[in-house]
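Student: A single structure is presented below for examination.
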Amino acid sequence: MPSDGEPVLEVRGLRVAFGDDEVVHGVDLTIGAGERVALVGGSGSGKSTTALAVLGLLPAGGRVTAGSVRFRGEDITTAGPRRLRELRGAGIGLVPQDPLSGLDPVRRVGTQVATALRAHGLAESRRDARGRAVDLLAAAGIPEPARRAVQYPHELSGGMRQRVLVTIALACRPALLLADEPTSALDVTVARRILDLVGELTASSGTSLLLVTHDLGLAAERADRVVVLRDGRVAEAGGAARVLRSPTDDYTRALIDASPGLSPGAPRAVAGALPDTAPVLELDGVSHRFRLRGGHTVHALDDVSFAVAPGTTTAVVGESGSGKTTAARIALGLLAPSSGTVRLDGRETGVRSGLDRAERRTVAAAVQPVLQDPFGSLDPTWTVASLIAEPLRVHGHDGRGARVAELLDAVALPATTGRRVPRELSGGQRQRVAIARALALEPQLVVCDEAVSALDVLVQDQVLRLLEDLQERLGLAYLFISHDLGVVRRIADRVVVMRSGRVEEQGPAARVLEAPEAEYTRELLAAVPGRAA
Amino acid sequence: MIRRLASRLAQAVVTLLLASLVIFLGVRALPGDPALAAAGEEADPATLATVRAQLGLDQPLVVQYLRFLGRTVTGDLGTSTRTGEPVSDAILSALPVTLQLSVLALLVAVAVGIVAGVLAARYRGRWPEWLASVFSLAALSVPVFWLGLLAVLYLAVGLGAFPASGYVSPLTDPLRALHHLILPAVIVGLPTAAVVLRQTRASMLGALDSDFVRTARATGLSENRVVWTVALRNSLVVLTTIVGLQLGTLIAGAAVTERIFGLPGLGKLTLDSVFSRDYPVVQAVVLVVTAAYVVINLLVDVLYSVVDPRIRVAGAAA
């Protein structure tokens, strides 16, 4: 959409610093009326900081040190708190990244929408505001809006909460909507619907959109123009299709190459003949029920069977609540299934009664985890060397120092990393530490539970490369749990698609991803951003 | 909700039973023979045996405990060996004084602590935070008895602004009662105010840094509303716990203050009874204070679900 007349937002030479550290070094950005612009970059590129600086909502310690922000021609760089307050919500709306923490947990969602209306005098009374809030929630596609309005955030699903946040951001009909990674915490199919909603609502009211995202595919799909940020500077800017088709900047090119959605490549060829080799791990008719207090039971897994052959990768794909993490925990021996059998290297483990101590040790030595959150899964007070040595110590191995050095080398971390603590490492480095730790006991199978989901595309690419390399060298088998079909396409030999605790379909990656049989798989594939571009 | 309440109630009863057992055994373990104390040092063995039988001390411990329990439940807490009057009378006259003092102290502490804590968090790194941290350090480190003595010396005796001692029932004259109680209440409440202040400041800092506060700011709410409604409302869950725990501390702290201000409360009663080895009274006071603790905790539990809707639903699903 071409911009006509005065731009809605004009950022010139914006510099932002936290203390003495400058993180945004002179960013220019212009958004015309009704225009959709995507601000793209990896973590630490300054994209969110730039967006929040526009609203004067930088986290504590952050301040704009130079440059100007003009909103509809008015310089708001040095606007006082009163003027900023008038603009927030009424002039510029914000949809935050995380729908789980973005809403006040102790106030009803309808009240939170009503508060936004009343903050700008758009409702005559409390009652009027509540009524309007219900209408707005209905317009955001929330079913039974009157009932939902009196519920608290924790009673709503992630997608519903994000709809509420979109409602709040657009309640006062702002001229510009800032959406800061609005869907990165959501399942793909939910994310798609939220982005559709944002698209519809902004288009119908002529609201301009600044979409902050790390996903170039998503940016290209949802924006007219793309601005790529790297280390706080604009690396490239231009029409979405042009940037994607013929990037002029190396960084943009690297982002495109690393993006599984944009550069799909062919799925792995069917590796090995699965029926011939005895599987490392086999789940046979496994069910798991969680009993809730009050007598209800939830079937987290319902008659699930799949296998992982030595030296290959089996990916389990599904959205939240599909049971994929429960399957991972059963594979790790952390959870005993309610029924069915789990065979590790042909030996049955995990009977109904649960594992005894010795069995758990055997399973632990053969199956090791790499978890999603590289920040939460490493003890912050331990050094990297002691973190990696811990499994060795637990299992009474000698010569731990030499083994730690070997493992650090295997995951391409310098030996000096051993003396550092997790907080001194980047997300990608931490995930390498987690992988080194998983490899310490020379397991046959590594369970990667959303192991690359928290990483941005470039780092994700490096970690996936490392995993592939290790598989080749050590003959590792992976059970790869993921919601990201792009990543799965790249790494999996076999794919198991799960939904509500059941296997929807499974088979060789090429077959499942290229010629899906189940409707649900097709839906998941269609929701991957960037496929249309 | 009702289920949750019932389960909490059952837990409270079990706690009380256990507490009564500990108190019963504790008093039995104290040095000295109650029969000897009752009969007098020169009593002959026959008299001693009679007294022992009268007091039920010749029965097995289990029987003694069950009798003690039975009497306690029916409100019979025994007879004071010091005054010869029923223990329940002594407690009934002392308990309201201590409760008034503690609740008033708590009100003062919560009001001062929350307001100062919120201001300290809102004006982080500026003078209100500095002032609040000096205040909380002082209030926590200066002993209550010393502060109480100073208050009596300068404010009550010196300035004559407050009565130096004595107690007036609010039933006879509410204003005079408040006048008598306010100074001791402030003194007892100061350390609690400091604890509430620090807790409020810490949880407010967390809340003000959270995503939902950013959402509230992004909708154009004024900073005052963000601070006093959104952030403070979210800090209340933690505060409820602290305040509940502090009420116990206040009742304990009252013992010293009551003595300084000459208030006829539980604290004074305990001290007097301990010094004169009046075990039935000591036993009853400990029991009453324990029961108060348990009841307060029960109330805090119920309050949680009022303050935090997430707990309410967790209870409903249970």
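The values are calculated or read from the model by the stated rules, or taken from the named source; none is laboratory data. All values derive from a computational prediction rather than experimental measurement. Because the Cβ atoms are built from the backbone with ideal geometry, glycine has one as well, and the counts that use them run over all protein chains shown. Quick note on the areas: whole protein, heavy atoms, side chains included, nothing else; ligands and nucleic acids left out. Shrake-Rupley method; radii C 1.70, N 1.55, O 1.52, S 1.80 Å.
Student: Using a 1.4 angstrom probe on protein heavy atoms only, which residues from segment B:196-218 are buried by at least 40 Å² of accessible area when all chains are present rather than their own chain alone?
Tutor: Residues shielded by partner chains are B:211, B:212, B:214, B:215, B:217, B:218.
Student: Related question: Taking R0 as 56 Å, what FRET efficiency do you get between residue B:159 and residue A:360 from their Cβ-Cβ distance, rounded to the nearest 0.05?
Tutor: 0.20
Student: Ignoring ligands and nucleic acids, what accessible area does residue A:432 show with a 1.4 Å probe (Å², nearest 10)?
Tutor: Its accessible surface works out to 40 Å², give or take rounding.
Student: Points 7 angstrom from Cα along the Cβ direction at residue B:126 and residue A:124: gap in nanometres?
Tutor: So the two model labels end up 3.9 nm from each other.
Student: Can you compute the modelled spin-label distance between residue A:21 and residue B:53, with each label point 7 Å from Cα toward Cβ, in nm?
Tutor: Distance between label points: 8.5 nm.
Student: Mind checking the per residue accessible area of chain A for me, 1.4 Å probe, whole number of Å²?
Tutor: Using a 1.4 Å probe on heavy atoms only, each residue of chain A averages 42 Å².
Student: Can you give me the % of accessible surface on segment B:93-317 that is carbon or sulfur? Probe 1.4 Å, all protein chains present, nothing else counted.
Tutor: With neighbouring chains kept in place, the figure for segment B:93-317 is 72 percent.
Student: Which one, A:527, A:258, A:395, projects farthest toward the positive side of the charge dipole computed for the protein assembly as shown from Cβ point charges (K/R +1, D/E -1)?
Tutor: Looking along the dipole axis, the top candidate is A:527.
Student: Additional query: If you count only protein heavy atoms with a 1.4 Å probe, what accessible area per residue comes out for segment B:176-237, rounded to a whole Å²? Numbers along the way, then the final one.
Tutor: Numbers: 2030 Å² over 62 residues.
That works out to 33 Å² for each residue.
Student: Another question, if that's okay. Going toward the positive end of the dipole of segment B:32-76, with +1 on Lys and Arg Cβ and -1 on Asp and Glu Cβ, which of B:57, B:45, B:72 do you reach last?
Tutor: B:72
Student: Something else about it: How large is the helix-only mean residue ellipticity at 222 nm for the protein assembly as shown, computed as the sum of -39500 (n - 2.57) over DSSP H runs with n ≥ 4, divided by its residue count, in deg cm²/dmol to the nearest 500?
Tutor: Values: 32 runs with 429 residues, N = 851.
So the helix-based figure for the protein assembly as shown works out to -16000 deg cm²/dmol.
Student: For segment A:118-262, calculate the relative contact order in percent as a whole number, restricting contacts to Cα pairs under 8 Å that are 6 or more residues apart.
Tutor: That works out to 15 percent.
Student: Let me know the mean shielding of A:103-112 by other chains, meaning the per-residue number of their Cβ atoms within 10 Å of its Cβ.
Tutor: Mean inter-chain Cβ contacts per residue within 10 Å come to 5.
Student: For chains A and B, what's the summed buried accessible area, probe 1.4 Å, to the nearest 100 square angstrom?
Tutor: Interface area, both chains combined: 2200 Å², rounded to the nearest 100.
Student: So for segment A:1-111, taking the charge dipole from beta-carbon charges (+1 Lys/Arg, -1 Asp/Glu), which of A:91, A:67, A:17 sits furthest toward the positive end?
Tutor: Of the listed residues, the answer is A:91.
Student: Then there is this: Of the beta bridges DSSP finds with both residues in the protein assembly as shown, what % are antiparallel, to the nearest 5?
Tutor: Taking every DSSP beta bridge within the protein assembly as shown, about 55 percent pair in antiparallel fashion.
Student: Roughly speaking, to the nearest percent, how much of segment B:32-76's 1.4 Å accessible area is carbon and sulfur?
Tutor: That share works out to 61 percent.
Student: With the Cα gyration tensor of chain B giving a ≥ b ≥ c as the square roots of its eigenvalues, does the rule (a/c under 1.5 for rounded; else a/b larger than b/c for prolate; else oblate) give rounded, prolate or oblate?
Tutor: In terms of gyration-tensor shape, oblate.
Student: Let's test the formula: R0 of 35 Å, r as the Cβ-Cβ distance of residue B:30 and residue B:5. What FRET efficiency results, to the nearest 0.05? Working shown, then result.
Tutor: Values: r = 38 Å, r/R0 = 1.07.
Computed FRET efficiency for residue B:30 and residue B:5: 0.40.
Student: At R0 = 22 Å, how high is the FRET efficiency between residue A:231 and residue A:79 if r is their beta carbon distance? Nearest 0.05 is fine.
Tutor: 0.20
Student: About the Cα centre, and with charges only on the beta carbon of Lys, Arg (+1) and Asp, Glu (-1), how big is the dipole of the protein assembly as shown? Nearest 20 debye, please.
Tutor: Details: 86 positive and 82 negative charges, 298 e Å.
In debye, rounded to 20, the protein assembly as shown gives about 1440.
Student: Taking the inverse of the average 1/r across all pairs of different Cα atoms in the protein assembly as shown, what Kirkwood radius in Å do you get?
Tutor: When all Cα pairs of the protein assembly as shown are included, the Kirkwood radius is 32.1 Å.
Student: Under a GNM of chain B (C-alpha, springs under 10 Å), which listed residue has the highest mean-square fluctuation: B:229, B:240, B:219?
Tutor: Looking only at B:229, B:240, B:219, the largest GNM fluctuation is found for B:219.
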